[in-house]
Amino acid sequence: MNDIQPDSKKNSGKWRRPKTYVCSTCGDPQPFCWSCPCGFMICSDCMEENFWGMTCNGIVWTCPDCGAIRSFGND
């Protein structure tokens, strides 16, 4: 009677990590990058070098591509 299978759309609506991280600043593949939904990614080394221009409080950072405010936390 019910044609919808519960496992047909696994993890729909959940956030998933990208398979590969490539830093938008240095262009190197990385094990982790700070990411923005617009596609901008920055590795920890580049973030540290550009920290002065990307954050004013150390709690959030501003994406240089789209201007979105992103958290350093786990959200």
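The values are calculated or read from the model by the stated rules, or taken from the named source; none is laboratory data. These numbers come from a predicted model, not from an experiment. As a convention, Cβ positions derive from the backbone with ideal geometry for all residues, glycine included, and neighbour counts pool all protein chains shown. The area values use the complete protein model at the heavy-atom level, side chains included, leaving out ligands, DNA and RNA. Shrake-Rupley method; radii C 1.70, N 1.55, O 1.52, S 1.80 Å.
Some notes on this structure:
- Among 53-60, 29-36, sorting by the average number of other beta carbon atoms lying within 10 angstrom of each residue, highest first, gives 29-36, 53-60.
- Among 42, 69, the order of accessible area from largest down is 69, 42, computed with a 1.4 Å probe on protein heavy atoms.
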